[in-house]
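Written out below as structure tokens is the structure these notes cover.
The values are calculated or read from the model by the stated rules, or taken from the named source; none is laboratory data. Bear in mind the structure is a predicted one, so any value in this text is a computation, not a measurement. Note that each Cβ is placed from the backbone with ideal geometry, even for glycine, and that neighbours are counted across all protein chains shown. Remember, those area values only see protein heavy atoms, side chains included, never the ligands or the DNA or RNA. Shrake-Rupley method; radii C 1.70, N 1.55, O 1.52, S 1.80 Å.
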Amino acid sequence: MENLIEVRGLVKKYKELIAINNVDLDVKKGKILGLLGPNGSGKTTLINCILSLLDFNKGSIKICGEEMTPESYHIKEKIGVVFQDVGVFEELTVYENIDYFCSLYINDKEKRKKYVNGAIDLVGLNDFKKFVPKKLSGGLLRRLNIACGIAHKPEIIILDEPTVAVDPQSRNNILEGIKKLNKEGATIIYTSHYMEEIDLICDDIVILDKGKVIAKGTSEELKNSIEVNEKIKFDTKKLSQAVLKEIKEDKNVIEALYKDGSCEVIYKKGNNNLLNLIKTLNKHNIEYEAIHLSMPTLNDVFLELTGKDLRD
Amino acid sequence: MFRSVYKNTFKILIRDKITLFWTIMFVVLLAIMFKMTFSTLDEIDKFETLPIAASKEVLQDEYFKLYLETIEKEKYIKLIMSDDNNANELFEKKKIAAYIKDEENIVVGKSTSRIKETIVKSLMDGYIQNKSLVMNILIENPNVNLDEILKFNTFIKDESQKSINIVSTYFYTLIGMQAIYSYLWGLKVMYMYEANLSTQGKRNTISPINKKKSILASIIAVWTISIITSLFCLGFISFILSVDIGNKLFGILLIILLGTFTGVSFGSFIAVSNKQNIEFKNGIGVGITMMWSFFAGMMSSYIKILIERYIPVFNKFNPVALITDGLYSLAINNAGIRFYENMIYLIIISVIFVFGTMFFVRGKKYESL
């Protein structure tokens, strides 16, 4: 599949600090690439380098097969960016803000009108067209921020943490909108430190930590690449240390923890993990309720690779 | 694209109520306050002629004597010839408000009120300022007919024989300050285009339009707004407050055009020349504009005269002083050499700020954001 964006050996330093450390990245046409990493892992710096906003020390960036420079206006035409910070004009209404940013790409007035209304529809701001930004809630403001970045129907959309500090309703709306844009043909780079969002909407995932790519692949590939295979959680009023020890002795168990009436057992790949656990509990007449079985998450991937939680 | 950027920038900035307040309402309020203060002075002036003594030595200067006699004729003062001893006696008997020992040495009586003291000083300032003008003309044109120039009737009256009130210079300084206040627009517009200053700047930088062209279109838009706000304030001061700004429309327009452009370029320079936050940058702008206004004579015209006398080069690079002096010379001198000299200095200052701004925005990519 054709790569729309190719980053090779990218290095960006701030004096002694290496913000981006030899990063390679491929963004396939028509796919959603998720950049996952904790705050300060280099996601935004990488985006700013791709956009030719930031100077970098080493490496190359190609978009649509061409070297990206500040003067690559024909490439810039194809890109839409939603920055992490809301960047709208307080003096303009919702409609006027979207129209302003769309006018930087689209000259034709009629076409622009159609695009602006399309963007308003997509983010669900129809009832707020004439509102000025300070009258909007945080979630609606984020939606406006997105509409300003994507109104000109770009081929490549870069969204940098678009759901930070938004309510669940706006978050769902935003994620639905992104999926819709992708279905309409846009290639998307989506950065976030929310693994659930990345897991939900991205085709390919790149995990960054301290400016380095520590893993890449599809969600399935990443989860299969780690030792953790499944997690079983159950509630029980009492669980003795002896029983807990016996559970841990199962060859597939990586870790078993009992705290506040709840026990979580983490398993490697293996057959009949759940069955074996139930057998042990029954053997000791342990009463249990609400057994939950879950597959590994991207957080588990991150935890296994770095030894720390994504949210740390 | 140029037209669209111009139109959009105009629309965004004209709705910025805070900047509009500082560039229009603040100036209008100050002008009203000035008018009220000086109206009180006028009232006092109407009813009481100031008795002023002058030394025999100072009256030997025929031009100074002519000046004093002219303002005596207009009943501003009652002139008494005296010497140091006699003056002390007259002060004790409260028969004089001030004693002019020489041009630069005026003794004011202990019982003389602050208002009378200010009037005496303003009258002397008027003379010294005009004398400085004549000296400049003589340097530029030694063959000029001095008798014509030194007729105080033409010196303090324009061709229509209308008197130029010295307090008008305070309003000229206010107009100067207002024009330089355009820095607020210049500062704001740079925030729209510099990716390291704002997210709007990032959006504009990653868009496919040529950054230099869009900055140019936006600068022209803010210049337009600055000209409109300046003309509004000028109109208010002239028509509503009835302050004499003369009738040399071309000259006045040229001052406004160059003065506001200097303000806009000053603002752009502040915006891009340092990495402080916008509040700090606004503080720099206000501080420098206030300092310029002070040295241009906004609080006391005597300050401007002192600067002219001791460090004349300072006011050559003080845009508020240049605008004030430009308006003053227009009112008294039919846009002569002094006027054009002021305009040339304004152009030089603007060019310095424009090149300074270009120097700081020349980078294509940023080191950090």
Query raised in the report: Restricting attention to the stretch B:97-111, does a residue exist that is at pLDDT 90 or above and more than 14 Å from chain A (Cβ to nearest Cβ)?
Result: no
**Report entry** Hits in the stretch B:183-223 - residues which are more than 20 Å from B:Gln276 (Cα to Cα) and assigned to a loop (DSSP other than H, G, I, E, B)
**Finding:** B:Ser207, B:Pro208, B:Ile209, B:Asn210
Report summary line: Every listed condition ((1) in a helix (DSSP H, G or I); (2) crowded, with 17+ Cβ neighbours inside 10 Å) holds for A:Glu246 save (2)
Query - Sole residue being within 14 Å of another protein chain (Cβ to nearest Cβ), buried (at least 20 other Cβ atoms within 10 Å of the Cβ) and either modelled with pLDDT under 95 or touching an Asp or Glu at 6+ places or on another chain (Cβ under 9 Å) (or both), chosen from A:Gly59, A:Gly37, A:Gly42 - result: A:Gly42
Query raised in the report: From the residues in the stretch B:199-223 that are basic (Lys, Arg) and facing another protein chain (nearest Cβ under 7 Å), which one is least open to solvent (accessible area, probe 1.4 Å)?
Result: B:Arg203
Requested in this report: Check whether at least one residue in the stretch B:9-24 is under 30 Å from A:Asn107 (Cβ atoms) and open to solvent by 70 Å² or more (accessible area, probe 1.4 Å), and report yes or no.
Outcome: yes
**Report entry** Subset of the stretch B:1-18 (residues that are polar (S, T, N, Q) and within 9 Å of another protein chain (Cβ to nearest Cβ))
**Finding:** B:Ser4, B:Asn8
Requested in this report: Within the stretch A:113-121, identify whether any single residue is more than 22 Å from B:Leu369 (Cα to Cα), open to solvent by 10 Å² or more (accessible area, probe 1.4 Å) and within 12 Å of another protein chain (Cβ to nearest Cβ), and answer yes or no.
Outcome: no
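Any residue at all in the stretch A:203-219 that is among the hydroxyl-bearing types (Ser, Thr, Tyr) and over 16 Å from the mean Cα position of the chain (by Cα)? Break it down stepwise before answering.
Quick first cut of the stretch A:203-219, residues among the hydroxyl-bearing types (Ser, Thr, Tyr) only: A:218-219.
This time we only want the ones that are over 16 Å from the mean Cα position of the chain (by Cα), so: none.
So far as the stretch A:203-219 goes, no, none of its residues is among the hydroxyl-bearing types (Ser, Thr, Tyr) and over 16 Å from the mean Cα position of the chain (by Cα).
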Report summary line: Within the stretch B:70-122, residues being open to solvent by 50 Å² or more (accessible area, probe 1.4 Å) and assigned to a strand (DSSP E or B) number 6
Query raised in the report: Any idea which of (1) assigned by TED's automatic domain parsing to the domain that holds B:Asn204; (2) open to solvent by 20 Å² or more (accessible area, probe 1.4 Å); (3) at pLDDT 85 or above is the one B:Phe38 doesn't satisfy?
Result: (3)
Report summary line: Listed by first then second residue, the pairs whose first member lies in the stretch A:286-309 and is in contact (Cβ under 8 Å) with a residue 60 or more places away in the chain, whose partner is assigned to a loop (DSSP other than H, G, I, E, B) and open to solvent by 50 Å² or more (accessible area, probe 1.4 Å), with beta carbons under 7 Å and at least 6 positions apart or on separate chains, are A:Glu304/A:Glu227
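Could you check, for the stretch B:224-245, whether at least one of its residues is of a type in the set (D, E, K, R), closer than 18 Å to B:Leu20 by Cα and either open to solvent by 20 Å² or more (accessible area, probe 1.4 Å) or at pLDDT below 95 (or both)? Even if it seems obvious, please write down each step before you answer.
Taking the stretch B:224-245 first, the residues of a type in the set (D, E, K, R) are B:244.
Okay, now just the ones that are also closer than 18 Å to B:Leu20 by Cα, so none.
The answer is no; no qualifying residue exists.
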Report task. Kindly check whether there is at least one residue in the stretch A:6-27 that is in contact with a Gly (Cβ under 8 Å, 6 or more places away or on another chain), open to solvent by 40 Å² or more (accessible area, probe 1.4 Å) and of a type in the set (A, V, I, L, M). Result -> yes
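Show me the helices (runs of 4 or more DSSP H) entirely contained within the stretch A:148-243 in which 1 or more residues are closer than 29 Å to A:Asp121 by Cβ, at pLDDT 90 or above and open to solvent by 10 Å² or more (accessible area, probe 1.4 Å). Can you show your working first?
Numbers: elements: A:168-183, A:195-201, A:219-224.
Output list reads A:168-183, A:195-201.
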Report task. Answer yes or no as to whether A:Val228 is over 15 Å from the mean Cα position of the chain (by Cα), closer than 30 Å to A:Asp24 by Cβ, more than 14 Å from every other protein chain (Cβ to nearest Cβ) and touching a residue at least 12 places away in the same chain (Cβ under 8 Å). Result -> yes
Query raised in the report: Restricting to the stretch A:90-106, what's the tally of residues that are outside any helix (DSSP H, G or I), open to solvent by 10 Å² or more (accessible area, probe 1.4 Å) and at the interface with chain B (Cβ under 8 Å from one of its Cβ atoms)?
Result: 2
Requested in this report: Could you tell me which numbered condition A:Ser294 fails, if it satisfies all but one of (1) in contact with a strand residue (DSSP E or B) (Cβ under 6 Å, 6 or more places away or on another chain); (2) under 17 Å from A:Ile247 (Cα atoms)?
Outcome: (2)
